[in-house]
Amino acid sequence: MIYKLQAKDRDNIPMEIIRKPIKNIYIRIYPPDGRVVVSAPLKMPAKAVKSFINSKKAWIERQHTKLSKIGERSLKTYNDGESHYYRGKKYTLRVVNGKSVSDVSVTEDEIIICCRSACTAEKTKALLEWWYRERLKEKVPLLVAKWEKRMGLRVSETRIKRMKTRWGTCNIARKRIWLNLELAKYDDLILEYIIVHEMVHLLERKHNERFYSYMNKYLPAWREAKEQLQPVIM
Ligand SMILES: [Zn+2]
(Lines give C-alpha, C1' and ligand atoms only; values in the text may rest on other atoms or scores of the structure.)
Protein backbone atom coordinates (compact mmCIF):
# COMPACT_ATOMS: atom_id res chain seq x y z
CA MET A 1 0.00 0.00 0.00
CA ILE A 2 1.22 3.48 -0.82
CA TYR A 3 0.56 6.33 1.57
CA LYS A 4 1.31 9.95 0.74
CA LEU A 5 2.63 12.09 3.54
CA GLN A 6 1.19 15.58 3.14
CA ALA A 7 4.07 17.98 3.38
CA LYS A 8 4.13 21.73 3.66
CA ASP A 9 6.16 23.77 1.14
CA ARG A 10 7.27 20.68 -0.76
CA ASP A 11 5.95 17.73 -2.76
CA ASN A 12 4.14 15.05 -0.81
CA ILE A 13 6.36 12.15 0.15
CA PRO A 14 5.07 8.78 -1.09
CA MET A 15 5.78 5.86 1.21
CA GLU A 16 5.29 2.17 0.89
CA ILE A 17 3.57 0.47 3.81
CA ILE A 18 4.38 -3.21 4.20
CA ARG A 19 2.60 -5.47 6.68
CA LYS A 20 4.87 -7.93 8.46
CA PRO A 21 4.72 -10.35 11.39
CA ILE A 22 6.66 -7.97 13.64
CA LYS A 23 6.02 -6.41 17.05
CA ASN A 24 6.94 -2.79 16.43
CA ILE A 25 6.46 -0.45 13.55
CA TYR A 26 9.56 1.06 11.94
CA ILE A 27 10.45 3.35 9.06
CA ARG A 28 13.38 2.94 6.68
CA ILE A 29 14.58 5.61 4.29
CA TYR A 30 16.90 4.50 1.52
CA PRO A 31 19.51 6.45 -0.39
CA PRO A 32 20.06 7.49 -3.09
CA ASP A 33 16.51 8.55 -3.81
CA GLY A 34 15.03 8.83 -0.32
CA ARG A 35 12.53 5.98 -0.83
CA VAL A 36 10.47 5.56 2.35
CA VAL A 37 9.32 2.12 3.47
CA VAL A 38 7.16 1.65 6.57
CA SER A 39 7.07 -1.84 8.08
CA ALA A 40 3.99 -2.28 10.27
CA PRO A 41 2.76 -5.18 12.41
CA LEU A 42 0.04 -7.24 10.72
CA LYS A 43 -2.64 -6.28 13.22
CA MET A 44 -1.84 -2.63 13.75
CA PRO A 45 -4.90 -0.56 12.71
CA ALA A 46 -4.37 1.63 9.64
CA LYS A 47 -5.25 4.67 11.72
CA ALA A 48 -2.48 3.91 14.20
CA VAL A 49 0.00 3.40 11.34
CA LYS A 50 -0.89 6.79 9.89
CA SER A 51 -0.68 8.54 13.22
CA PHE A 52 2.74 6.98 13.86
CA ILE A 53 3.92 8.20 10.44
CA ASN A 54 2.56 11.68 11.09
CA SER A 55 4.24 11.86 14.48
CA LYS A 56 7.58 11.25 12.71
CA LYS A 57 6.84 13.70 9.95
CA ALA A 58 9.62 16.18 10.70
CA TRP A 59 12.19 13.41 10.90
CA ILE A 60 10.96 11.79 7.65
CA GLU A 61 11.08 15.10 5.77
CA ARG A 62 14.58 15.83 7.02
CA GLN A 63 15.97 12.39 6.18
CA HIS A 64 14.16 12.25 2.84
CA THR A 65 15.71 15.57 1.83
CA LYS A 66 19.15 14.46 2.98
CA LEU A 67 19.08 11.04 1.36
CA SER A 68 17.53 12.07 -1.94
CA LYS A 69 20.18 14.73 -2.49
CA ILE A 70 22.52 12.43 -4.37
CA GLY A 71 19.74 10.55 -6.13
CA GLU A 72 17.27 11.88 -8.64
CA ARG A 73 19.19 9.57 -10.92
CA SER A 74 16.58 7.04 -11.91
CA LEU A 75 14.66 9.87 -13.52
CA LYS A 76 17.62 11.21 -15.46
CA THR A 77 17.03 12.33 -19.03
CA TYR A 78 20.69 13.17 -19.81
CA ASN A 79 19.61 16.47 -21.29
CA ASP A 80 21.68 19.64 -21.28
CA GLY A 81 21.26 21.49 -17.99
CA GLU A 82 20.46 18.46 -15.87
CA SER A 83 22.22 17.91 -12.54
CA HIS A 84 24.64 15.00 -12.13
CA TYR A 85 26.96 14.08 -9.28
CA TYR A 86 30.67 13.45 -9.34
CA ARG A 87 32.76 12.90 -6.19
CA GLY A 88 29.89 14.05 -3.98
CA LYS A 89 29.40 17.34 -5.76
CA LYS A 90 26.57 18.46 -7.99
CA TYR A 91 27.44 19.45 -11.58
CA THR A 92 25.39 20.77 -14.46
CA LEU A 93 25.49 18.59 -17.56
CA ARG A 94 26.48 20.37 -20.78
CA VAL A 95 25.78 18.44 -23.94
CA VAL A 96 27.64 19.63 -27.03
CA ASN A 97 26.78 18.17 -30.44
CA GLY A 98 28.84 17.75 -33.59
CA LYS A 99 32.40 17.78 -32.21
CA SER A 100 35.27 16.08 -34.04
CA VAL A 101 35.72 13.56 -31.20
CA SER A 102 33.44 12.31 -28.46
CA ASP A 103 34.80 13.35 -25.11
CA VAL A 104 33.88 14.20 -21.53
CA SER A 105 35.50 16.90 -19.44
CA VAL A 106 34.80 18.57 -16.14
CA THR A 107 35.04 22.19 -15.02
CA GLU A 108 34.37 23.85 -11.66
CA ASP A 109 30.63 23.23 -11.94
CA GLU A 110 29.95 21.52 -15.26
CA ILE A 111 30.40 18.11 -16.80
CA ILE A 112 30.73 18.68 -20.54
CA ILE A 113 29.82 15.87 -22.90
CA CYS A 114 30.89 16.30 -26.51
CA CYS A 115 29.44 14.00 -29.14
CA ARG A 116 30.70 13.42 -32.65
CA SER A 117 27.23 13.27 -34.09
CA ALA A 118 23.92 14.07 -32.43
CA CYS A 119 23.91 13.34 -28.70
CA THR A 120 21.04 11.03 -27.94
CA ALA A 121 20.19 10.34 -24.31
CA GLU A 122 21.63 6.82 -24.71
CA LYS A 123 24.88 8.14 -26.14
CA THR A 124 25.21 10.81 -23.46
CA LYS A 125 24.54 8.28 -20.74
CA ALA A 126 27.06 5.83 -22.19
CA LEU A 127 29.73 8.54 -22.43
CA LEU A 128 29.08 9.71 -18.88
CA GLU A 129 29.28 6.16 -17.52
CA TRP A 130 32.45 5.51 -19.48
CA TRP A 131 33.90 8.67 -17.98
CA TYR A 132 32.85 7.70 -14.41
CA ARG A 133 34.47 4.31 -14.94
CA GLU A 134 37.71 5.87 -16.20
CA ARG A 135 37.86 8.17 -13.16
CA LEU A 136 37.42 5.20 -10.82
CA LYS A 137 40.01 3.19 -12.77
CA GLU A 138 42.48 6.00 -12.10
CA LYS A 139 41.71 6.37 -8.44
CA VAL A 140 40.99 2.86 -7.21
CA PRO A 141 44.45 1.31 -7.82
CA LEU A 142 46.08 4.15 -5.87
CA LEU A 143 43.74 3.67 -2.93
CA VAL A 144 44.12 -0.11 -3.00
CA ALA A 145 47.91 0.23 -3.07
CA LYS A 146 47.78 2.66 -0.14
CA TRP A 147 45.69 0.25 1.93
CA GLU A 148 47.66 -2.83 0.91
CA LYS A 149 50.67 -1.18 2.45
CA ARG A 150 48.86 -0.08 5.62
CA MET A 151 47.09 -3.36 6.16
CA GLY A 152 49.93 -5.59 4.99
CA LEU A 153 47.95 -7.61 2.48
CA ARG A 154 47.46 -8.01 -1.25
CA VAL A 155 44.46 -7.65 -3.52
CA SER A 156 44.88 -9.66 -6.72
CA GLU A 157 42.28 -7.80 -8.81
CA THR A 158 39.79 -4.95 -8.62
CA ARG A 159 36.93 -4.40 -11.04
CA ILE A 160 34.39 -1.66 -11.49
CA LYS A 161 30.95 -3.15 -12.01
CA ARG A 162 27.37 -2.04 -12.31
CA MET A 163 25.65 -3.59 -9.32
CA LYS A 164 22.06 -3.20 -8.22
CA THR A 165 22.23 -4.07 -4.55
CA ARG A 166 25.84 -3.87 -3.37
CA TRP A 167 28.42 -1.12 -3.09
CA GLY A 168 31.22 -3.61 -3.21
CA THR A 169 31.97 -7.31 -2.94
CA CYS A 170 35.01 -9.29 -1.94
CA ASN A 171 35.93 -12.73 -3.18
CA ILE A 172 38.12 -13.77 -0.26
CA ALA A 173 39.58 -16.92 -1.83
CA ARG A 174 40.62 -15.07 -4.99
CA LYS A 175 41.42 -11.80 -3.15
CA ARG A 176 39.32 -9.99 -5.72
CA ILE A 177 37.32 -6.84 -5.07
CA TRP A 178 34.46 -5.50 -7.15
CA LEU A 179 33.27 -1.93 -6.73
CA ASN A 180 30.01 -0.36 -7.79
CA LEU A 181 30.30 2.14 -10.66
CA GLU A 182 27.88 4.40 -8.73
CA LEU A 183 30.68 5.16 -6.27
CA ALA A 184 32.07 7.66 -8.80
CA LYS A 185 29.18 9.93 -7.79
CA TYR A 186 30.03 9.91 -4.10
CA ASP A 187 32.77 11.70 -2.28
CA ASP A 188 36.21 10.21 -1.88
CA LEU A 189 35.74 9.18 1.75
CA ILE A 190 32.87 6.92 0.70
CA LEU A 191 34.88 5.26 -2.06
CA GLU A 192 37.72 4.74 0.39
CA TYR A 193 35.34 3.36 3.00
CA ILE A 194 34.00 0.72 0.59
CA ILE A 195 37.53 -0.25 -0.47
CA VAL A 196 38.69 -0.56 3.15
CA HIS A 197 35.54 -2.47 4.09
CA GLU A 198 36.09 -5.01 1.31
CA MET A 199 39.79 -5.28 2.12
CA VAL A 200 39.05 -5.88 5.81
CA HIS A 201 37.12 -8.95 4.62
CA LEU A 202 40.49 -10.39 3.63
CA LEU A 203 41.28 -10.31 7.37
CA GLU A 204 37.83 -11.21 8.66
CA ARG A 205 35.07 -12.81 6.61
CA LYS A 206 32.14 -11.86 8.83
CA HIS A 207 30.70 -8.56 10.01
CA ASN A 208 31.58 -9.31 13.62
CA GLU A 209 33.33 -7.48 16.43
CA ARG A 210 36.73 -8.32 15.04
CA PHE A 211 35.71 -6.90 11.66
CA TYR A 212 34.56 -3.60 13.17
CA SER A 213 37.64 -3.31 15.36
CA TYR A 214 39.70 -3.42 12.15
CA MET A 215 37.44 -0.76 10.64
CA ASN A 216 37.89 1.45 13.71
CA LYS A 217 41.61 0.95 13.61
CA TYR A 218 42.12 1.66 9.91
CA LEU A 219 39.37 4.11 9.05
CA PRO A 220 37.71 5.64 12.13
CA ALA A 221 35.52 7.83 9.87
CA TRP A 222 33.85 4.74 8.41
CA ARG A 223 30.62 5.30 10.35
CA GLU A 224 30.17 8.73 8.88
CA ALA A 225 30.66 7.32 5.37
CA LYS A 226 28.35 4.39 6.01
CA GLU A 227 25.59 6.69 7.15
CA GLN A 228 25.43 8.19 3.68
CA LEU A 229 25.05 4.80 2.01
CA GLN A 230 22.73 2.98 4.39
CA PRO A 231 19.02 3.39 4.88
CA VAL A 232 18.15 5.31 8.01
CA ILE A 233 15.76 3.60 10.36
CA MET A 234 13.39 4.89 12.99
ZN1 LIG B 1 31.02 -6.62 4.17
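The values are calculated or read from the model by the stated rules, or taken from the named source; none is laboratory data. Remember, predicted model here, so these are calculated numbers, not experimental data. Cβ placement follows ideal geometry from the backbone for every residue including glycine, while neighbour counts extend to all protein chains displayed.
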For this session: Have a look at K99, K139 and point out the one that is assigned by TED's automatic domain parsing to the domain that holds V200, among the basic types (K, R) and either more than 19 Å from the chain's Cα centre (by Cα) or outside any strand (DSSP E or B) (or both).
Result: K139
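Here's the yes/no breakdown for (1) within 16 Å of the ligand (Cβ to nearest atom); (2) outside the structural domain of Y214 (by TED's automatic domain parsing); (3) surrounded by 13 or more Cβ atoms within 10 Å (Cβ to Cβ); (4) not acidic (D, E):
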residue	(1), (2), (3), (4)
I112	no, yes, yes, yes
C115	no, yes, yes, yes
C119	no, yes, yes, yes
G152	no, no, no, yes
T158	yes, no, yes, yes
M163	yes, no, yes, yes
W167	yes, no, yes, yes
Exercise. Would it be correct to say that I172 is within 15 Å of the ligand (Cβ to nearest atom), of a type in the set (V, I, T) and more than 15 Å from Y86 (Cα to Cα)?
Worked result: yes
For this session: Name the single residue, out of those in the range 84-96 being under 25 Å from the mean Cα position of the chain (by Cα) and without any contact (Cβ under 8 Å) to a residue 60 or more places away in the chain, that is surrounded by the most Cβ atoms within 10 Å (Cβ to Cβ).
Result: V95
Exercise. Looking only at residues in the range 200-214 that are more than 11 Å from the ligand (Cβ to nearest atom) and among the hydroxyl-bearing types (S, T, Y), which one is surrounded by the fewest Cβ atoms within 10 Å (Cβ to Cβ)?
Worked result: S213
Exercise. Here are K175, K161, K149: which of them is free of Cβ contacts under 8 Å to residues at least 12 places away in the same chain and either closer than 29 Å to V37 by Cα or over 18 Å from the mean Cα position of the chain (by Cα) (or both)?
Worked result: K149
Exercise. Looking at (1) within 15 Å of the ligand (Cβ to nearest atom); (2) over 15 Å from Q228 (Cα atoms); (3) touching a residue at least 24 places away in the same chain (Cβ under 8 Å), can you tell me which one H197 breaks?
Worked result: (2)
Exercise. Exactly one of (1) surrounded by 12 or more Cβ atoms within 10 Å (Cβ to Cβ); (2) more than 16 Å from the ligand (Cβ to nearest atom); (3) modelled with pLDDT of 90 or more; (4) not β-branched (V, I, T) is unmet by N79. Its number?
Worked result: (1)
